[in-house]
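To keep things clear, I will list the structure first and then write my remarks on it.
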Amino acid sequence: VLMLFQLALVVGAPWGSLAMGGRFPGRLPPAMRVAAVVQIVIYGVIGVIIASCAGIDLPEWREVSRVAIWAVVALMAVALVLNLITPSKWERRIWAPVALGLFASSLVVALN
């Protein structure tokens with residue numbers, strides 16, 4: 001869902017107030033669309049790490065994923081804090097709970 005949201009921003013969805021601190025209401029400017037593409041790639045890598053660490057897929061990555069999952073947990077903790085302190089009320093309402101869920105679930109995977 002996060003990747004689809006970012007993709008929608010890339011192609012011009014007028015949801016800028018729901019992302020990146022709400023600094024760009026409406027459609028994102030080109031530089032921020034590039035940032036959304038980068039976020040799509042990051043979410044994809046996170047998905048691979050979690051899938052491998054959880055034993056769902058990619059067993060050949062398991063050793064690396066057991067270390068990398070802690071970077072994911074740290075990143076999700078930062079994302080949670082940023083979504084809690086953002087000036088955008090919509091990010092706080094929508095993305096802070098999502099970030100909490102991502103942090104908690106990545107922590108569960110890391111600890112198991």
Worksheet item: Once the whole set of protein chains is in place, how much accessible area is left on Val78, using a 1.4 Å probe, in Å² to the nearest 10?
Response: 80 Å²
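Once fully extended, how much extra length lies between Lys89 and Val38, figured as 0.36 nm per residue of separation less the alpha-carbon to alpha-carbon distance?
16.0 nm
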Worksheet item: How much accessible surface area, in Å² rounded to 10, belongs to the heavy atoms of Trp90 with a 1.4 Å probe?
Response: 110 Å²
Practice prompt. With only alpha-carbon atoms counted, please give the Rg and Dmax of the chain, in Å.
Written response: 14.9, 43
Worksheet item: For all pairs of alpha-carbon atoms in region 3-48, what percent lies in each bin of width 10 Å, listed from the first bin to the last filled one?
Response: 32, 54, 13, 0
Practice prompt. Provide the net charge surrounding Gln6, with neighbours chosen by a C-beta distance below 15 Å and charges set as Lys +1, Arg +1, Asp -1, Glu -1.
Written response: +1
Item to complete: Please calculate the 1.4 Å probe accessible area of Ser105, with all protein chains present, and give it to the nearest 10 Å².
Response: 60 Å²
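The values are calculated or read from the model by the stated rules, or taken from the named source; none is laboratory data. Quick caveat: nothing in here was measured; it's all calculated off a predicted structure. For neighbour counting, all protein chains shown are included, and Cβ atoms are generated from backbone atoms with ideal geometry for every residue, glycine included. To get the accessible areas, we keep the full protein, side chains included, count just its heavy atoms, and leave off ligands, DNA and RNA. Shrake-Rupley method; radii C 1.70, N 1.55, O 1.52, S 1.80 Å.
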